[in-house]
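Just below is one structure, and these are the notes that go with it.
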Amino acid sequence: MFSLSSKPIDADALKSLVNTQEAGAYVAFEGWVRDHNEGRQVTGLEYEAYEALAVKEGNKILEEAQKFSILKAHCVHRTGALKIGDMAVMVVVSSAHRKEAFVACEFIINEIKKRVPIWKRETYDDGSTSWVNCAHGHKTAHGAKS
C-alpha cells in the first residue's frame, strides 16, 4: 500500500505491516531531509502532492514490484513542511530471500521519484525558496516535455 502523510512516519509500525512468517528478509529505505542541495544551504522543505493520482500511481508501482517475488511492500511519503533530519519517505519490503527485497526496494523508490506527482520546495538559508526535482511535466505527442 502507498500512502501520503502530513504526520511523521512511524518506522516500527510500517515495518510491522510487512512482517510475516514466510519472510526471510526485510529491507527498508528511509529518505531524510538534508541540509544542502546543489551547493546551497537548505533550512527546510515542503512537499505537495496531487493526492488522488499520487496514491493511485504509488499503488501501481507497489503492484509492479511483485515481479521481484516479494511478499509485501509498503511506502509512505510525507507532505507538508519538514525540518532538516525529518524522514520524508520510507519504503519497506519483505521477501523469502534478501536479493528480491533489495531489488524491489530500489525499484520502488526509483519509480516513486520518477512517476508519482509529489513536488518539493526547498527553503534556503538566505530565505529564498525554489521548487526542485519537478520532473512531472506534460509530454507532447513527440515525447518532449512542455
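Observations
- When +1 charges are put on Lys and Arg Cβ atoms and -1 charges on Asp and Glu Cβ atoms, the dipole computed for the chain relative to its Cα centre reaches about 400 debye.
- The angle separating the long axis of helix 51-64 from the principal Cα axis of greatest extent in the chain is about 40 degrees.
- Sorted peptide list for 107-120, 19-32, criterion being average Cβ within 10 angstrom, highest first: 107-120, 19-32
- Distance from the stretch 9-68 to the stretch 84-110 (C-alpha centre basis), Å: 7 Å
- The chain, helix-only ellipticity at 222 nm - DSSP H runs n ≥ 4, -39,500 (n - 2.57), divided by all residues, nearest 500: -8500 deg cm²/dmol
- Tilt relative to the chain, helix 98-115 - C-alpha long axis, 0 to 90 degrees, to 10: 30 degrees
- When the square roots of the Cα gyration tensor eigenvalues are ordered a ≥ b ≥ c, the ratio a/c for the stretch 82-127 is 1.5 or more and a/b exceeds b/c, which makes its shape prolate.
- Label zone at Asp10, where the point sits 7 Å out along the Cα-to-Cβ direction: the stretch 41-85 residues whose backbone N lies under 20 Å: 73-80
- For Ala96, residues with placed amide H under 5 Å, excluding near neighbours: Gly24, Leu71
- The string of couplings for the stretch 26-31 from the Karplus curve (6.51, -1.76, 1.60, θ = phi - 60°) is 9, 10, 10, 10, 10, x Hz, one whole number per residue in order, with x for Gly and Pro.
- Taking the square roots of five times each eigenvalue of the Cα gyration tensor of the chain, the equivalent ellipsoid has semi-axes of 28, 20, 13 Å, listed largest first.
Throughout, read-outs are computed from the coordinates displayed, never taken from laboratory work. What you see is a predicted model; the values in this text were computed from it and never measured. No Cβ is skipped: glycine too gets one built from the backbone with ideal geometry, and neighbour counts run over all protein chains shown.
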